[in-house]
1. Rounded to two decimals, what is Rg over Rh for the chain when you use alpha-carbon atoms and the Kirkwood radius?
2. Report for the chain the percent antiparallel among DSSP-assigned beta bridges with both residues inside it, nearest 5.
3. Which values, in whole Å and largest first, are the semi-axes of the equivalent ellipsoid of region 392-504 obtained as the square root of 5 times each eigenvalue of the Cα gyration tensor?
4. Which residue, chosen from His109, Ile163, Gly96, occupies the Cα position most advanced towards the positive end of the dipole of region 7-174, where the dipole is computed from +1 (Lys, Arg) and -1 (Asp, Glu) charges on Cβ about the Cα centre?
5. Could you size up the charge dipole of the chain around its Cα centre, putting +1 on the beta carbon of Lys and Arg and -1 on that of Asp and Glu, and report it in debye to the nearest 20?
6. Can you tally the net charge around Thr55? Count Lys and Arg as +1, Asp and Glu as -1, for every other residue whose Cβ sits under 13 Å from the Cβ of Thr55.
7. Place a +1 charge on the Cβ of each Lys and Arg in region 7-174 and a -1 charge on the Cβ of each Asp and Glu, then give the dipole magnitude about the Cα centre in debye, rounded to the nearest 20.
8. Enumerate the aspartates and glutamates that Lys39 could reach by cross-link, defined here as Cα to Cα under 13 Å, with residues fewer than 8 away along the same chain left out.
Amino acid sequence: MTASLTLDVLNAADPARFVQFLDGLYEHSPWVMERVAAKRPFASVAALKYALAQTVRAASREEQLALIRAHPELAGRAAVAGQLTEDSAGEQARAGLTQCSPEEFELLHQLNAAYNSRFGFPFIIAVRGPTGAGLSRYDIIAAMERRLRNAPDLEFAEALRQIDRIAEIRLADRLSLTRPYGDTVMAWAESLAAHSDSPDHLTCTYLTPAHRAVAARIQAWMMEAGFDTVYQDAAGNVVGRYRAAPAIVSPPLVATGSHYDTVRNGGKYDGRLGVLLPIAVVADLKRRNRRLPFDLDVVAFAEEEGVRYGSTFLGSSAYIGRFDASVLDTLDAADISMREAMQLAGLDPEQLGKAAAEAARLRHYFEIHIEQGPVLLERNLPVGVVTSIAGSVRRMLTLGGVASHSGTTPMDMRRDAACAAAEIVLAVERRCAQVPSLVGTVGILNVPHGSINVIPGACTLSLDIRAADNAVRDAALADIEREITAICARRGISVTTEELMRAAAAPCSREQMAMWSRAIADRGLPAFELPSGAGHDAMKLAEATSITMLFTRCGNGGISHNPLETMTADDAQLAGELTVDFLEQLAASLAAK
């Protein structure tokens, strides 16, 4: 029945036939497909998947709970009795749940019981995982142990998301979908993750042996993809250039990319998605003999995170000819200077300023990146268009009070630095909650030499204020400064402030944002816009040209800079298709100028 099933067939089918075609996507819950049938036609499979997920979200709590409870326990009674649906049986078998040892069966039984007792429904996970190939039973057990600690409402929402992922995988099977971009990118990311400074977790810092091995792999993939030139520059950036059509005289330059270094104990997709996906796209352009009216650089920036030397955006600074040579004598924890590390890696620091002439040809830079947050995930959206990269101000505050005996000092006679800090934390939260694009964080809060029976005489705290617009950020900062002054004056507390960093916001080009939005809307998806609260290489490129960013959804609550960072091959595939569409729109725009 499904051998020739296509989106066109689904769009044209009568409602009953539509439901029959998709029976089993949602376990024992045909009502989902019945409601979605009325929303046809769908412009793309992505639009159909979005409609399915939104239908589940719009259902009543009782319907959602019944849907969750319609799923069997993993390796539970139904599995043992052979009572699973065909889809569930195949999925559990692929994950190895039918081959558990007696000890693993017992552990799963205990975890299932604890989970059901805590939440009132069975543990749900898409056992075929981010790629569709399947999680291991060890991954599944670890996820169950981790999610047992979730709050009930958060876990309820996560169960529904996992059900949507199960349906997404089953739909791909019914339609015999392929994901050439997505599967390639996920496999490459896994391959790169094997190179690490640490044997226990993923850490890949600037110019270490692992970092250099990653650069070599990226170079090899670029050459295999068909780039016309591939080279490593003086900063360690790996640059692949796909040249413009031969008929184009003095073509402009468009660039894309991201970084391939990581934080300590980081994830597989931060930065690297924005390197690997464009390589896969160029490979496709080459296969189709499609040349663009501009040179396209895909740049794997060697350093963005600042882990080894404390200086961020080294790679992107070098690419646009704005590398700060004063950092070359900075020492790492092993007293190796950056200059020495470059030379040991076969790089020539004297060549760092040579990129400025090429940067003058830049007409646009775009970056594809995981969101590193929960917004797209919460909205069931695979992608979003970035409006601006937030400008930030970071400060360290030192509060001075009087350390005195906690038992003999009356409450109204205390000069408690920690209480003043607590008020400041709440003032930051209160002020920054007033504007959607504004965030404020106190990430460091210390009482030096604190003791259980001593009133805190000193307290240090950090302040990180970010907004997509500099004026919004600065207005909030001014209000917070006034509040800090008032709090400290009322409590008899001194305050000193050290500014650690001030970075301007980097707005994205509205003209090119509209191209991303059209590509998304053409697929029947909402073209959702959101700011980036995190810094990216695009911030540095904004000093030389216009920029845009496309965010992809993160799983596991949107977590990033963490081994739990994840995305799906399906979202990577969609991002690749959107990139091709964006490049075609950009080609038409530049050709017309």
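Just so it is clear, none of the values below were taken in a lab; they were calculated from the coordinates. As the structure is a computational prediction, the values presented were derived from the model and not from experiment. All Cβ positions, glycine included, derive from the backbone under ideal geometry; neighbour counts span all protein chains shown.
1. Values: Rg = 26.6 Å, Rh = 26.5 Å.
Reported Rg/Rh, Kirkwood definition of Rh: 1.00.
2. On the way: 41 of 61 bridges.
Around 65 percent of the beta bridges assigned by DSSP in the chain are antiparallel ones.
3. Numbers: eigenvalues 164, 34, 23 Å².
Over the Cα atoms of region 392-504, the ellipsoid semi-axes are 29, 13, 11 Å.
4. Checked the options; the winner is Ile163.
5. Values: 58 positive and 71 negative charges, 195 e Å.
Once rounded to the nearest 20, the dipole reads 940 debye.
6. Numbers: positive: Arg35, Lys39, Arg40, Lys49, Arg57; negative: Glu34, Glu63, Asp164.
Here the count lands on +2.
7. Numbers: 20 positive and 22 negative charges, 80 e Å.
I would put it at about 380 debye.
8. Here the aspartates and glutamates satisfying the reach criterion relative to Lys39 are Asp14.
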